[in-house]
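Report on the structure given below.
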Amino acid sequence: MSEQDQQQEPAGETGSHNRILDVAEAGLWIVLLVIGTLVGLEVMRDAATRVRPMDARGPVPTGLTEGEDLSVIAKSRDFLFWRQPTTMFSGGRWSKDGHMFAQNTEEGDWIDLELPDLEPGFYLVEMFMTKAADYGIMAILLNGERIGKLDLYSGRGVVPTGAKELGVFELRGSEDVLRLEVAGTNKRASMPYFQFGIDGIRFTKHESGDDGDDGALETGGEGSDDSPSKEK
């Protein structure tokens, strides 16, 4: 072997070594790319899993006049009435993830709420309330006329009632007043017995003046027997 060939041999070995390094580096980048893709997919699957329980609570009620948008005209006495977030409750969905919660209430307590201005006429009235183990039985009055009664006891935790159709009633169109009055409590209710929550109220224009029923009464509330409730 000539001296020139001996000098060129190390250069060839170096080139082969560099090519091996290039291939190894490319392989490493491919492995990292695959790992990154797999991690990203796992993160997306995990995020989707976390969203499902919220969606599983059911649809959000729509078309409501929110309870928090109803001005308080008067109360029987100074009890708490405030907007409570409902995102921590897994039993259903409330409009705008909240309701107006009445605390420290007693039997006979009431609150008058001013309804929004509407075109005078007849409307189908639907209430959206909240049920819980320590909630009472509510009498619902419109402009001084009792239009329904709802037992807000629930043995399934804190849950929305959904739409409770009370019937078709005439509205003046302005200065209409909704009264919520604690009429009693379910015999299976727990202390403090007489709380309540309102998500909102929905009015649907009705061409006829014929009323539906005389209001809704859930005799025993959810999870209870048919024994009479303790009420006025």
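No lab work stands behind these numbers, since they all come straight from the coordinates. Computed from a predicted model, the values in this text were never measured in an experiment. Ideal geometry is used to build each Cβ from the backbone, glycine not excepted, and the neighbour counts take in all protein chains shown.
Please go through the stretch 157-194 and pick out each residue that is among the hydroxyl-bearing types (Ser, Thr, Tyr) and touching a Lys or Arg at 6+ places or on another chain (Cβ under 7 Å).
Matches in the stretch 157-194: Thr161, Thr185.
Of all residues in the stretch 90-106, which are among the basic types (Lys, Arg) and either without any contact (Cβ under 8 Å) to a residue 60 or more places away in the chain or out of contact with any Ser or Thr (no Cβ under 9 Å at 6 or more places or on another chain) (or both)?
Hit for the stretch 90-106 is Lys96, nothing else.
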